[in-house]
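Since the structure comes first, as structure tokens, the remarks are kept for the end.
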Amino acid sequence: MSGYSAEEKQHLIELGAAIRHFREALGWSQEQLAERVELHRTYIGGVERGERNLCLLNILAIADALGISPGRLIDMAFPARIPAGRSVPPPGK
């Protein structure tokens, strides 16, 4: 994935891992999530591997399909950036 620094690539990987975490907690395949957000399965796979840089609208659609707020998705991906005294609740909370 050219054009991105190592730090930016790591951010994409972390966001993809958070999406995968919530998807798997629901017992969904990548294809099932893709159908719910009207995106291609290969796009979701690329997102989860950190190969795609999501636009805000896709982050919103994915979070909505997963039944979580976009903020919760971001907090899960980047826990070190959560202000002191706040935590990310486990899936389903």
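The values are calculated or read from the model by the stated rules, or taken from the named source; none is laboratory data. A quick note: this is a predicted structure, and the numbers were derived from the prediction, not measured. FYI the Cβ positions are ideal-geometry reconstructions off the backbone, even for glycines, and counts take in every protein chain you see. In case anyone asks, the SASA skips ligands and DNA or RNA and just uses the protein heavy atoms, side chains included. Shrake-Rupley method; radii C 1.70, N 1.55, O 1.52, S 1.80 Å.
General remarks:
- Average accessible surface for the chain: 60 Å² per residue, computed with a 1.4 Å probe over protein heavy atoms with every protein chain in place.
- Selection from Cys55, Phe78, Ala17, by position along the positive dipole direction of the chain (Cβ): Phe78
- Gain in span if fully extended, Ile13 to Leu26, counting 0.36 nm per residue against the direct Cα distance: 2.7 nm
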